[in-house]
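Throughout, read-outs are computed from the coordinates displayed, never taken from laboratory work. Since the structure is predicted, the reported quantities are computational estimates derived from the model, not experimental observations. Ideal geometry is used to build each Cβ from the backbone, glycine not excepted, and the neighbour counts take in all protein chains shown.
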Amino acid sequence: MKFPSPSSADAVIAVTELVRHFGRRTALDSVSLYVPRGCVLGLVGQNGAGKTTLIKHLLGGLRAESGTVRVFGRDPTVDPVGVLGRIGCLSEQRDLPGWMRVGELMRHTQAFYPSWDEEYAARLLQDFQLDPGQKIKTLSQGQLAKTGLLVALAYRPELLILDEPSSGLDPVVRRDILEAIIRMVSEEGRTVLFSSHLLDEVERVADQIVMLHQGRMVLNGRTDDVRRGHISAVLAFDDPLSAAPAVPGAHAVAGSGREWRILFGGTRPELEAAALSLKACVVEERTPSLDEILVARAGGKGG
Amino acid sequence: MQIRISIQEGAPIYQQIVDQVKYLVAGGRLRPGDDLLPIRVLAEQLRINPNTVARAYLELEREGIVSMRQGSGTQIAEVKSPLSRREKLKRLAPPADALLADARNLGLEFEDVVQLLRERESALSPKGV
Amino acid sequence: MRSPAFAIAWEIWWRHRAGMTLLPCGLLLCGFLNRTAFRQGEWAGFAVALSYAVLAMAMILTFGFFHFTEGQRKGGFGSYPQRLFRMPVPTAWLAAWPMIYGTAAVGVLYLACDWLMFVPLDRPLPKLWPCLYLVSGFTLYQAILWSFPERRYLKLFLLTLGAMFIAFCWMFFLPHMIEGTLADWGYEGSPKSVQRGLLVFFAATGPAAWGFSWLRLRGQRHGIAEGVRGGAAVIERLAEWLPARTERFASPDAALFWHEWRQTGFILPLAVAGVLAMTCIPSWLSGPLTGQTTMGLLTWMVIAPVLLAAIIGRGFAKPDFWSPQLGVPAFIARRPVSAGQIVFAKLKAALCSVSLTWGMTGITAVVWFAAAGDFGGIDALLAQGKIYYPGGQRWLLAGLLLAGGMMLSWRFLVSGLAAGLSGAKGWFYASNGITAAILVGILACFIWTGDNDDHPIRLYNLWPWVEWLPAILCGLVIAKLATAAWAWSRAHEAGMVGGRGVAGYFAAWILAAALLALAAGIAFPNTPWLRNLLWLCAALVPPLAGPGVALITWSANRTGGSP
């Protein structure tokens, strides 16, 4: 699998030094991102970290204050028609008009995208068990999400952008949605960018993970590397400590007395070196889950 | 072919797939000539990225456990690994080291480890073989 | 929060604190002006009319402050705030407190306006019946808004009926009107008894509205099945029963048009239908009408679509008519369409809406006239018309006026597009305020001309600068054309619209303005100054600048919205 380089001409999404303020609040602080063709990128972070803002920039819903945003090599605010025709997206708000029926929504969406695949749409309709004659305002949350995903997938867009596709849904619907996304990912050249709070979903599906915290990008790498680049270890000191030790390279430190659990960002030799420098020894270590890594990097207690 | 992955475990997903396939082959549940599920199908079944499955299959092919052919998918390889016995033992050295280190850290004796290996061996071979 | 009453009061105050502080200041200012500047001479008469206008606007604002509703996700433009149902307060009080505050505010406002603005001009207003009248109107308004949470078309229909009822009832209290009307209807008794009966009716409406709302709110709170479900559901289903669309759309523009039409196209026809029902049915049932009344009602039937278009046009301009939000709905913004396609889809939907409305009005007027109108009376008036406009001119004039009415309707419907699509609340409210002020100002002029028969002379004396009027209008026309040229050329450069679309639109409206100018020429062949004024007004009618600016504002809104 090829991986991104900043000058990659194959980059479907190229964001460079993007900055955005809302009043005095900094929503995005110099965020740079490159997504090559065929990559599945998982965007994670706390609520309010800037994920939705970043996605809005990609869809042309916000103009960059400073920095550049290029999707398929073009600025989505300058050429919305050209860019949006190749993007399928599912918004968090589920803002489909209530009075339309599912079938009408499909016809309506079809009019805008010449690449609409009739058979594929019919198959999705069947797989998702949706009734084309049903009004959207009578759909449950799960059916609403599936409908939104259907009209985003049916024209086989080159880029799929999903903002919290599984939020508020039961596990059964989540599985269906994940399966549909994976099926689409299997096809050639489809790129997916999705933001999610469900980290096990992100880990299953994403090739690359990007974490935003308070508008800044704190993590950007391949999924495997992210996990293996961190160690959850317990350090044992000879004498009990009254305050959390400052361990160089650790993102979170917790505990009491003689044993302290840390989440360390780095390789095992680096961990041992750090422990040595504090005159402690490593008594337990394991690979942390993505959950723990992200909470640690977001919470940042100590280190 | 029943494969289970767990996100919470330490090992990366592709590694879990590799390990499980090896386990199934070693236990006789997958025999030489059996077809592995196509990449897309397994990815949909496990609900993971197809690239991860592809990577696992590539790793298995590299280790000689499966062979991938154009058009006919992935199959368990016929022939055993062409490595010499010494090389095979060298391959087993790191997991052995890890096992022994863990055992020592837990305070177990060497005899306990041997007992454990015997128990696991009998569990691995199906009854009657 | 010491008690629910206090909590509700605080909520009403806090939500509209800006408006509620500005309104009394505005009234005080008007009162001050009436006391000092407008007291003597020629201004006094005009000041009275203006005070009526201010009173009307203040009343509208107060209705808006105190109606105490919140929008819901699934539909309806506001119902009783559902979150209050979870409070440990009996439903009767939940219904009662906002009504009490609202009626108190309305009554106090009326009396305050009277004391501040009309008493200094030596024209004190009657006290009892308007208060009761306004109070009953407010409680009816609130009851309608609260009682039908998700049935928005029904609500709109009932509000239109109610508004019509309210708009005409006050005429029963004007001495010259009531005698004439009662004589028309063949009523033998004394006018006083009718008025007393109406007063009792108004007084009873308040508690009745409260009782009805209480029942409906109780049903909403506890999920009890409503008794009136059958009738309401029928109307609602009529409004929404349209066959599901199963064929493909020919183009993105067709899809956009269909969406706009289904979303907002029926609102104007429905509102006009309500008005027509309120006009035609009672007048038909009440027996033979005089020529005057027939002519008056026919005129009203022609004016109503234009007036309603101006009111509904405010909501039409919003990206989504039913929600109070001004932001662009992401559902539309994500589609690969240009700003030009969206704006033109709205324009086309407005055109269809207006056509349907006028078609309906025309047929209704003709049928009603045949069934209930007074041919004799009309004949007399038409004979007068023959004198002024010999030959076929009067028919041409009538036809042009009708066409003018249609154009005005369309114009009003789309006039607010630039503000609504911009997403800027301040601009939107300001634009609404200006439209409301103009409408009320025209109303004030009518009242004033009704009061004073020698109005042309008084007008001339009143405004020494009425000679500047043509210059002002010229300036407005030039500004309008300049804005239009700037906006459309900028949009064309940015690729939002095609040259042909713009050219076609301009050609259509220039033709329309020419027709209006022709009508003006025919109507007033002997007063060139009036005719020229009307020509300038005709040049102001076409909405050339509005949609052009709307293109710019919408594409700015699309890329610059708030989080």
*With an 8 Å cut-off on Cα pairs and a minimum separation of 6 or more residues, tell me the relative contact order of region B:13-76 in percent.*
41
*Under a plain spin-label model, where a point goes 7 Å from the Cα along Cα-to-Cβ, how far apart in nm are residue C:69 and residue C:281?*
2.1
*For residue B:103 and residue A:242, FRET efficiency with R0 = 25 Å and r from the beta-carbon atoms, rounded to 0.05?*
0.10
*Spin-label proximity, residue C:393 to region C:481-525 - amide N less than 13 Å from point 7 Å beyond Cα toward beta carbon*: C:519-525
*Based on the alpha-carbon gyration tensor of region B:85-124 and its eigenvalue square roots a ≥ b ≥ c, which shape applies: rounded if a/c is under 1.5, prolate if not and a/b is larger than b/c, or oblate?*
oblate
*Give me a single rounded figure for B:46-58: the average over its residues of other chain Cβ atoms within 10 Å of their Cβ.*
5
*Taking H as built 1.01 Å from N, whose amide H comes closer than 5 Å to the amide H of residue A:44, not counting residues under 5 places away?*
A:210, A:211, A:212
*Roughly how crowded by other chains is peptide C:395-407, in terms of the mean Cβ count from those chains within 10 Å of each of its Cβ atoms?*
0
*Residue-by-residue Karplus 3J(HN,Hα) for region A:144-161, coefficients 6.51, -1.76, 1.60, Hz, glycine and proline x*: 4, 5, 5, 4, x, 5, 4, 6, 7, 8, 4, 9, 6, x, 6, 10, 10, 10
*Per-residue HN-Hα couplings for region C:100-114, Karplus 6.51 cos²θ - 1.76 cosθ + 1.60 at θ = phi - 60°, whole Hz, x for Gly and Pro?*
4, 4, x, 5, 4, 4, 5, x, 4, 4, 4, 5, 5, 4, 4
*HN-Hα J in Hz across region A:51-58 - Karplus 6.51, -1.76, 1.60, θ = phi - 60°, x for Gly and Pro*: 5, 5, 4, 4, 5, 4, 4, 5
*Long-range amide H partners of residue A:62 with built H, under 5 Å*: A:57
*In nm, to one decimal, how far is the residue C:325 label point from the residue B:2 one, both placed 7 Å along Cα→Cβ?*
4.8
*What is the mean number of Cβ atoms from other protein chains located within 10 Å of the Cβ atom of each residue in peptide C:248-255, rounded to a whole number?*
4
*asked:* Between residue C:467 and residue B:120, what is the label-point separation in nm under the 7 Å Cα-to-beta-carbon projection?
replied: 11.0
_Taking 8 Å as the Cα distance limit and 6 or more residues as the minimum spacing, I'd like the relative contact order of chain B as a percentage._
22
*Could you pull out every residue, at least 5 positions away or on a different chain, whose amide H is within less than 5 Å of the one on residue A:258? Hs are placed 1.01 Å off N in the peptide plane, and Pro or chain starts have none.*
A:241
*Within region A:24-108, which GluC sites (Glu not before Pro) sit in a loop by DSSP and count at most 15 neighbouring Cβ atoms inside 10 Å?*
A:65
*In the structure displayed, which of A:56/C:425; A:146/C:155; A:56/C:348; A:146/C:318; A:146/C:348 lie more than 25 Å apart, Cα to Cα?*
A:146/C:155; A:56/C:348; A:146/C:318; A:146/C:348
*Output the peptides C:354-367, C:19-32 sorted from most to least packed, where packing is the average of other Cβ atoms within 10 Å over each peptide's residues.*
C:354-367, C:19-32
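To the nearest 500 deg cm²/dmol, what mean residue ellipticity at 222 nm is calculated for the protein assembly as shown from DSSP H runs of n ≥ 4 alone, each contributing -39,500 (n - 2.57), summed and divided by the residues?
After summing the helix terms and dividing by the residues of the protein assembly as shown, the value is -19500 deg cm²/dmol.
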*For chain A, what's the relative contact order in percent, using C-alpha pairs closer than 8 Å and at least 6 residues apart?*
18
*Say a paramagnetic label sat at a point 7 Å from the Cα of residue A:261, along Cα to Cβ; which residues of region A:272-302 have their backbone N under 14 Å from it?*
A:283-296
*In chain A, what percentage of the DSSP-assigned beta bridges are antiparallel, given to the nearest 5?*
70
